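The values are calculated or read from the model by the stated rules, or taken from the named source; none is laboratory data. Because the structure is a prediction, the values reported are computed rather than measured. So basically every Cβ, Gly included, is an ideal-geometry build from the backbone, and we count neighbours across all protein chains shown.
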Number of protein chains: 4
Amino acid sequence: MRVQAAGGGDAVTDLLGFTMKALVYHGPGVKAWEVVARPTLVADTDAIVRVDTTTICGTDLHILKGDVPAMVDGRIIGHEAVGTVAEVGAAVQNMAVGDRVLVSCVSACGACRFCRESRYGQCTGGGGWILGNEIDGTQAEYVRVPFADNSTYPVPAGVADEALLMLADILPTGYEVGVLNGGVRPGDVVAVVGAGPIGLSAISGARLFSPSMVIAIDMAATRLEAAKQFGADVVINNREQDPIAAVLELTGGLGVDVAIEAVGVPATFELAADLVRPVGRVANIGVHGEPVTLHLERLWTRDVTITTGLVDTYSTPTLLRLLTSGQLDAQRFVTHRFGFDDFIRAYDVFARAGETGALKVTLSRDI
Amino acid sequence: MRVQAAGGGDAVTDLLGFTMKALVYHGPGVKAWEVVARPTLVADTDAIVRVDTTTICGTDLHILKGDVPAMVDGRIIGHEAVGTVAEVGAAVQNMAVGDRVLVSCVSACGACRFCRESRYGQCTGGGGWILGNEIDGTQAEYVRVPFADNSTYPVPAGVADEALLMLADILPTGYEVGVLNGGVRPGDVVAVVGAGPIGLSAISGARLFSPSMVIAIDMAATRLEAAKQFGADVVINNREQDPIAAVLELTGGLGVDVAIEAVGVPATFELAADLVRPVGRVANIGVHGEPVTLHLERLWTRDVTITTGLVDTYSTPTLLRLLTSGQLDAQRFVTHRFGFDDFIRAYDVFARAGETGALKVTLSRDI
Amino acid sequence: MRVQAAGGGDAVTDLLGFTMKALVYHGPGVKAWEVVARPTLVADTDAIVRVDTTTICGTDLHILKGDVPAMVDGRIIGHEAVGTVAEVGAAVQNMAVGDRVLVSCVSACGACRFCRESRYGQCTGGGGWILGNEIDGTQAEYVRVPFADNSTYPVPAGVADEALLMLADILPTGYEVGVLNGGVRPGDVVAVVGAGPIGLSAISGARLFSPSMVIAIDMAATRLEAAKQFGADVVINNREQDPIAAVLELTGGLGVDVAIEAVGVPATFELAADLVRPVGRVANIGVHGEPVTLHLERLWTRDVTITTGLVDTYSTPTLLRLLTSGQLDAQRFVTHRFGFDDFIRAYDVFARAGETGALKVTLSRDI
Amino acid sequence: MRVQAAGGGDAVTDLLGFTMKALVYHGPGVKAWEVVARPTLVADTDAIVRVDTTTICGTDLHILKGDVPAMVDGRIIGHEAVGTVAEVGAAVQNMAVGDRVLVSCVSACGACRFCRESRYGQCTGGGGWILGNEIDGTQAEYVRVPFADNSTYPVPAGVADEALLMLADILPTGYEVGVLNGGVRPGDVVAVVGAGPIGLSAISGARLFSPSMVIAIDMAATRLEAAKQFGADVVINNREQDPIAAVLELTGGLGVDVAIEAVGVPATFELAADLVRPVGRVANIGVHGEPVTLHLERLWTRDVTITTGLVDTYSTPTLLRLLTSGQLDAQRFVTHRFGFDDFIRAYDVFARAGETGALKVTLSRDI
């Protein structure tokens, strides 16, 4: 294997054989910030990236509950990072040691049927969502990134790392799986069921298409308050009022043009399907653990379209342009910042979002 | 009301105050071919059409079971006809007495939000599927057609009435709700679940896009035989073999690009959803009477699109061109032909399709 | 003909046989605000609308030059109005005397092939752009509106007439023919060649899709100043600098995603075609009087799409929602306001827009 | 560089340092089948392919006239081949020595903006149409294929090499640049201007969408005869009759839905633009050497769309499925077959297609 010699300096040299610290999964409910071996190149298309900033995803909490079957004891969690290239395999074309990159949650072989159609999340050539799932992830000092050319993006000038980090997963997820699958158009009325980080991301993305009204529905007042900050015109607390009646009143009895599900339980999916007007669209983003009931006895006549999806990150170049041109405010997702040694505390703050008000927490080498 | 004077002749004159015969619904399980009042113009946009040929739809059997809530005792059944214009209201622009027309199953006000977007099936201005449902239908010697300009099509030269009649409902339904909603493209593998008349219509429509393989799935050998005649490349009897295993083997383990549901029970919808590949589409045509289970715990990651729909008949002009140019063989749907006085027998033959091999039965004035 | 009796009051009663004042074309260069006969209903689908506010379009200046062949001596100019229904034909369904309506520049028969596909501007059933062109127009105290149900929109509550009037032509033209034909998407770089009212309308419409950069190109400093007000990020005076070099520098040598032509002379079309990147789109809005040169020797390899179009007004319902929800600022187009008796002066101010800074001038009954 | 050892046998071993024969360009009008050095791997992503069958493209005749600026004295011509992998670079993932592959006319880096959007023909990462243009081509015993993983396709079982070879350029060009850019839909009337190999390819591709009528226009009776064989319903010799008048008569005065230009001179492009109906599409495939006149003074109101394009080969997987399923008859393009040593004669037969009736000529190692 041909390995470029790193250029010197304190952190990016002398990798091989050394150790690092990482957030390791040890079975349901058990995690530790502990010393492990540093990753090394496996395939010619790999890169090793030093992690400068990473974050915790709601999916990581699912992993810790034991809900993600590919995850095994001893594997490092995490699938989002901004970092610095430390080493590249012989076949890597588009990056050099020392380059700063965004590491995407989705890796892409670039050659399979799905990658050829920009559906990287469905990659059958060894990519897809593998980081912190099928292989070691980004909540570590270093991470091995497979198919590095197709799975990273250069850090643009003038963008804060923590803003850019929101493009590793959450913003393309809300935009692709919620907004684009939902086909949001100017003038639409859009309902977003669930105002957690993914729901807020969908609200941010929907606003790019100038809807006439965005309605956020959640049971937590703090989340609804956040939804207003992110651009919801109307918020409905479905603990306090009937969301279907409220939406029908807001839409002259018609229902919404697009309903985006951003929770992942049967009740919220069924609510989304009940909110949508004839010829409308329901875009599911939520991670579901059990089947839902689809009321085809009502929906079969209504010309509705229901979509599901894993993020593909085909929109990342677009979102990068929107971020650098100031059309997208990514930084406002970041509510709490930690150093790597505070990883366990960061998980705690993020897991207790209801109390702490956490949206996204970041962990950085330099804090 | 201004009524054009009919031009003389035996059947099209002297309408007002006269009687006719019609197939009348008298509550669940009860129908009769009996004498009723002839229809008269109600709105300026109405036409009265003398029915020359009509047919029985699977939906009419549902009506007779009592499953269609808008249907009341005393109403005439039927929503498909080819006929001759007998009388037109003052505001009708595009037809004259004596013109021969196809009466579509969907009436369109032409001005509501949905009609403006060619979604006539969802008309909120008084149209939609109203014939033989909300108002008297076409299984009669005469029928009142509301919004006549937007709800009928001139009979093109050189086309047999019984072929044209297939464009009143069945062919646009299979084409719009199955094939176009399913997004069939050249080279696709398409599974059609259910090989009754609607499934066969979806097969006919799918073939227009040159799929690489059409797979028909049904439990009746006679229907699968018909499916082969209509263009299925492979047929699967799901009473005899596991259709999922068979389809995965045919598609290299991937699943089909498009699955079209043409039955209307939970098991067939769930089968369709199980057959589809990642990034594939499930198009529901079936009339469902109860909820189905949607396995979002498997589908949420698979980028699938599920559609429902009532026919809009926006494709009728296209299908007329295909019919007259010989690209579409509509006549092969017609397996049995009756005169109006044999209406009760025709229903019997159609209802026992499993034994009689009936696909579509026609009833004509001139037989 | 059945005519609804008007409800009384000063202006809407006793129409038949009376006169009114109107802006009449009398051959190239000659117009007069003079007394003519009030219009009366001709077809059952007509309405007579009392004009409350109207405006002058750039096309009206073309008419006065003698450039529009359908226009004849004695015909009333104008195709934009907000008014009050004074009389309706027997077949008009959706409006009553006294209703306030937006009169669209495009009339639609609602039944022809093109109307069925929402392409009302191409109507072959007697509609299209006929007002102030093939029949008398809106620059008058009263106007006859053919196909009234399909050619007018109810005035929504809370919207100023002069803002709404911008939806009669200019805003749907910029949006449909420029922005939607151009396929503007979030993150795009959009160049608009020509910053007159139509170009500004295209800029307003493009902003609805959150482009990363809108570049306005014009030779008049005042228009470029207006372009900034309407949302251009960068303005280029192509009298002062090479617009192609400037755009290539702004886009890293690539060219723009979408170029919108809003002038109507060969040089500006050719400039638009030179600005666009591979796989980009050129949307022509300009009214052209002579052929242009298309450099296929360069463009044949570049995967470009070029569109032309007359406004169809299919987007009017969407724009109405955007107007009432505050997403669209229509009122800022109005720079000068006149009473009907100042019509000649209003034409003069509009024709000398370079000096007067006029964008849109309005003429109202109540001033 | 890591080179897989070839598996033995006469032709695929001991490559390095050896010679081969190839068709070499030596300036305008001069070509020779002569001995040159065998190619060797340059980049890790290269493969060396032994050419089993190749063909001559119309573009190669342009090259020989000196019309293609990138072409230099001493370079091997040709961009289409079916062959056997002889050697692969270290980074090649998806093929091994001995595999049989289709070599596409377009190479794709797989990572640039355009490759990420499947627009491989516009690749800015070193790919695009480079074979036989910017680097040595396929009219040789061996060819170096850059970005081999993204630029070749495995030979499917049961397909003749000469049929498969038609998918290297001609069939995807007609399908993508003509049929898909033209947006052909079931029921459409499609005019193809020019019935040479590319025009015939467009006719083949259009038929996949079940048009109601395909009209071929050419000045050569033999080509029109071929057009009938390939599926044209009507042929027009525009030397003998006015094609515009003929098409208007065939379409009730409307014009065609889609006009495909497959010649590459101003007159044929202008004809295509004159044939198209309002809201229709003109798809240019022709290679143009000079500007054309676009009659915007007529077209600006007609809602037409004009497209250009270089083939991207994103449709190759689809066309492979259609070929193996028997939906596409590729073999009928091949009219003449030669051995490699007859290369000069093959060029002569192809260049005199008017006399020889040649569509595609193939050259094979084994003849």
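Numbers below:
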| item | result |
| --- | --- |
| Residue within region B:153-163 that is buried (at least 24 other Cβ atoms within 10 Å of the Cβ) and under 20 Å from the mean Cα position of the chain (by Cα) present | no |
| Condition met for C:LEU208 (within 11 Å of chain A (Cβ to nearest Cβ) and within 26 Å of C:GLY252 (Cβ to Cβ)) | yes |
| Filter result for B:VAL3 (in a loop (DSSP other than H, G, I, E, B), over 23 Å from B:ASP342 (Cβ atoms) and modelled with pLDDT of 60 or more) | no |
| Any hit, region D:277-292, residues being more than 21 Å from the chain's Cα centre (by Cα), within 8 Å of another protein chain (Cβ to nearest Cβ) and buried (at least 23 other Cβ atoms within 10 Å of the Cβ) | yes |
| Single unsatisfied condition, B:ILE260 versus (1) assigned by TED's automatic domain parsing to the domain that holds B:VAL214; (2) free of Cβ contacts under 8 Å to residues at least 40 places away in the same chain | (2) |
| Residue match in region A:314-327 (condition: farther than 27 Å from A:PHE114 by Cβ and more than 14 Å from chain C (Cβ to nearest Cβ)) | no |
| Selection status of D:LEU310, within 11 Å of another protein chain (Cβ to nearest Cβ) and within 17 Å of the chain's Cα centre (by Cα) | yes |
| Meets criteria (charged (D, E, K, R) and not assigned by TED's automatic domain parsing to the domain that holds D:ARG119) for D:ASP188 | yes |
| Any hit, region A:69-81, residues being of a type in the set (Lys, Arg) and either at pLDDT 95 or above or crowded, with 19+ Cβ neighbours inside 10 Å (or both) | yes |
| Pairs where the first residue, in region B:197-216, is under 22 Å from B:THR356 (Cα atoms) and the second is among the basic types (Lys, Arg), C-beta under 7 Å, 6+ apart | B:PRO197/B:LYS360 |
| Close pairs (7 angstrom Cβ cut-off, 6 or more residues apart or separate chains): on the phi > 0 side of the Ramachandran plot and at pLDDT below 95 in region C:351-367, in a strand (DSSP E or B) and of a type in the set (Val, Ile, Thr) anywhere | C:GLY357/C:THR335 |
| Breaking point among (1) assigned by TED's automatic domain parsing to the domain that holds D:MET219; (2) touching a Lys or Arg at 6+ places or on another chain (Cβ under 9 Å); (3) not in a helix (DSSP H, G or I), for D:ASN181 | (3) |
| Filtered residues of region D:211-228 (kept if hydrophobic (A, V, I, L, M, F, W, C), surrounded by 23 or more Cβ atoms within 10 Å (Cβ to Cβ) and more than 14 Å from D:VAL189 (Cα to Cα)) | D:ALA226, D:ALA227 |
| Residues of region A:94-115 that turn out to be surrounded by fewer than 19 Cβ atoms within 10 Å (Cβ to Cβ) and within 14 Å of chain B (Cβ to nearest Cβ), as a count | 1 |
| Matching residues, region D:293-306, being under 24 Å from the mean Cα position of the chain (by Cα) and surrounded by 24 or more Cβ atoms within 10 Å (Cβ to Cβ) | D:ILE306 |
| Candidates B:LEU131, B:LEU171, B:LEU167 - the one that is touching a helix residue (DSSP H, G or I) at 6+ places or on another chain (Cβ under 9 Å), more than 14 Å from every other protein chain (Cβ to nearest Cβ) and not aromatic (Phe, Trp, Tyr) | B:LEU131 |
| Helices (runs of 4 or more DSSP H) contained entirely in region B:316-359, each with at least 3 residues that are surrounded by 18 or more Cβ atoms within 10 Å (Cβ to Cβ) and under 19 Å from the mean Cα position of the chain (by Cα) | B:316-324, B:343-351 |
| Qualifying residue in region A:172-185 (condition: over 23 Å from A:SER118 (Cβ atoms) and of a type in the set (A, V, I, L, M)) | no |
| One residue from A:ASP303, A:ASP257 being more than 9 Å from every other protein chain (Cβ to nearest Cβ) and more than 27 Å from A:CYS57 (Cα to Cα) | A:ASP257 |
| Subset tally (residues that are small (Gly, Ala, Ser) and over 25 Å from A:TYR314 (Cβ atoms)) for region D:100-154 | 3 |
| Residues (surrounded by 15 or more Cβ atoms within 10 Å (Cβ to Cβ), under 13 Å from A:ILE203 (Cβ atoms) and either under 21 Å from the mean Cα position of the chain (by Cα) or polar (S, T, N, Q) (or both)) located in region A:229-247 | A:PHE230, A:GLY231, A:ALA232 |
| Criterion (at pLDDT 95 or above, under 25 Å from A:ASP233 (Cβ atoms) and of a type in the set (S, T, N, Q)) met by exactly one of C:THR316, C:THR305 | C:THR316 |
| Single unsatisfied condition, A:ALA267 versus (1) crowded, with 17+ Cβ neighbours inside 10 Å; (2) among the small types (Gly, Ala, Ser); (3) under 23 Å from the mean Cα position of the chain (by Cα) | (1) |
| Matching strands (runs of 3 or more DSSP E) fully within region D:26-108 where at least 2 residues are in contact with an Asp or Glu (Cβ under 8 Å, 6 or more places away or on another chain) and assigned by TED's automatic domain parsing to the domain that holds D:TRP129 | D:47-55, D:81-88, D:100-103 |
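Per-residue answers, yes or no, for (1) free of Cβ contacts under 8 Å to residues at least 24 places away in the same chain; (2) farther than 23 Å from A:GLY196 by Cβ:
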| position | (1), (2) |
| --- | --- |
| A:ASN237 | yes, no |
| A:ASP274 | no, no |
| A:PRO291 | no, no |
| A:THR324 | no, yes |
